[in-house]
């Protein structure tokens, strides 16, 4: 109240001082009054203390939980909507888009915005709020919470699935499944993996006395299975409380030939280390062959004998051919090559960082003394003027550095050469040495597998399968900074067009319903992805809210005086009236 009182007092004082010598005249008194009124209105508009908005709607603002958990089996979404409508004006939170239930119940942002509006706030939810721990307690204390917990029945849910994204025809498919059961559910469940109507894998997950269990299913791929396959991992048997959490989707690409082929012309520890590491870090099908005796090849994974013609065919079609040993027969084979010829100069060679290269990150901040020395090197293997040098080695930490990891690009494609023996000691040593080895091989493979001419896809989905209630995330992969990108979608609802709008990190997202989609990008490029029926919110979570009545009494919301047009009119009339009276009295 102090600012408006001061403004009115100042206006009266200024008006009296201006007319103090003429207040015995009637017109002067009216002019002083006009000045006080006009100046007071101007000062109030300048200070703007605000005024209680008695016309504002004082009905409570109700935040209605519209996440998937409210619509799951046993959820009380309809009952909650009726309750919210009876309590006040309703707005929803936890949605994927307008009216579409979301896969995560986040309340903090919605609650903060609602409280800032000055109205009484009521939250109607099942209490399964994901970010409840981040909400300030005083904010919760002054908010009324009404809970409608879901009714929970006997249920088994497939909470996680892990499987390869690419395999070669004839490889073994291994799928790991995590399952969770309610307390009154059976202690076993049958899990099946199907490709359309073809049963690929089947097994029984056993819970025992636990609520969670793990199952690994493994079997060779059927003969003739190739291309893009959409696998359905499901619990089979009698229906349970929530059918939607019994099914998971997985996209598998089966290629006729492996993407990466490792040849051990020299069957030593270095070739085994290279094969194992590429198998861990490369996201493409990989197959290894070793030559235990001249002309007799065996597969590295199971030592099964194979014909030399199979090895040659795999090497010729490989996206990346890695050869350890004699390179004579393989120098022009494969689309990209990692060559590791035998070294010729023995000694303790300490390896350290070279110049700028695709593998420079592996050696960043690493001292040569922290890596086990190489047993030998091969001199004259790289020319930095025709490519890059990623690592160099010095004999006994002294002398001229020799390139031991190098790369080049020419008409035949990209080639990386490792010119040091005994690097298998790095993964065996563990710690920093293991990390340097794995990062170096991963970065080299990434550079070799990247197309020199660039990827025709300017954006791609981050994951091929997205849970229901979550946005499908895309990442910019084109050259230059991200730009808005039109996209054509063919899915369950027919054909639609949209635009991917990327943020500063190069990410964009779309809100889509359950189903499989084929997308086509403006300027070329296409692919597939899916939104599966499963969502984490289908699985009952702990109730993190407590039902209570808010402790705060809301003051009426205030509005700016500058919204009152009549106050501007009073200022104009007051100043104008004083001017007219001054003119009538002969004053300027």
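Points worth noting:
- When only Cα pairs below 8 angstrom with a gap of at least 6 residues are kept, the stretch 43-189 shows a relative contact order of 22 percent.
- If R0 equals 51 Å, the separation of the Cβ atoms of residue 183 and residue 137 corresponds to a calculated FRET efficiency of about 0.95.
- Two-site label geometry, residue 204 and residue 5: point separation in nm, points 7 Å out along Cα→Cβ: 8.4 nm
- Maximal additional length on extending the residue 331-residue 499 stretch stands at 55.9 nm, based on 0.36 nm per residue less the C-alpha distance.
- The calculated FRET efficiency for residue 89 paired with residue 548, based on their beta-carbon distance and R0 = 25 Å, is about 0.75.
- Counting beta carbons within 10 Å around each of 378, 194, 82 and listing the fewest first gives the order 82, 194, 378.
- Inter-part distance where the stretch 192-270 and the stretch 288-310 are each reduced to a Cα centre, Å: 27 Å
- Anisotropy class of the stretch 460-539 from Cα gyration tensor, a/c 1.5 cut: oblate
- Taking 0.36 nm per residue of separation and subtracting the current Cα-Cα distance, fully stretching the chain between residue 230 and residue 302 would add 23.1 nm.
- Prolate/oblate/rounded label for the stretch 492-544 (Cα gyration tensor, a/c 1.5): oblate
- In the chain, the calculated helix contribution to ellipticity at 222 nm averages -7500 deg cm²/dmol per residue, counting -39,500 (n - 2.57) for every DSSP H run with n ≥ 4.
- Spherically averaged projected area in nm², based on the convex hull that wraps the Cα atoms of the chain: 43.6 nm²
- Computed from label points 7 Å out along Cα-Cβ, the spacing between residue 518 and residue 585 is 8.9 nm.
- Chain lengthening between residue 475 and residue 396 when straightened (0.36 nm per residue, less Cα-Cα): 23.8 nm
- With neighbours defined as other Cβ atoms within 10 Å of a residue's Cβ, the residues 168, 497 order from fewest to most as 497, 168.
- Of 61, 23, the sequence from fewest to most neighbouring Cβ atoms within 10 angstrom is 23, 61.
- For the stretch 260-449, the share of DSSP beta bridges that are antiparallel, to the nearest 5, is 60%.
- Once the C-beta distance of residue 344 and residue 462 is scaled by a Förster radius of 51 Å, the resulting FRET efficiency is 0.65 to the nearest 0.05.
- Length-normalised contact order of the chain in % [C-alpha pairs under 8 Å, at least 6 apart]: 16 percent
- Prolate is the label for the stretch 156-255, because the ratio a/c of its alpha-carbon gyration tensor axes (a ≥ b ≥ c) is 1.5 or higher and a/b is greater than b/c.
- When both bridge partners sit in the chain, DSSP labels roughly 70% of those beta bridges antiparallel.
We did not get these values from a lab; they are worked out from the coordinates using the rules stated. For clarity, every value in this text was computed on a predicted model and none was experimentally measured. Heads up, the Cβs are rebuilt from the backbone with ideal geometry, glycines too, and the neighbour counts pull from every protein chain shown.
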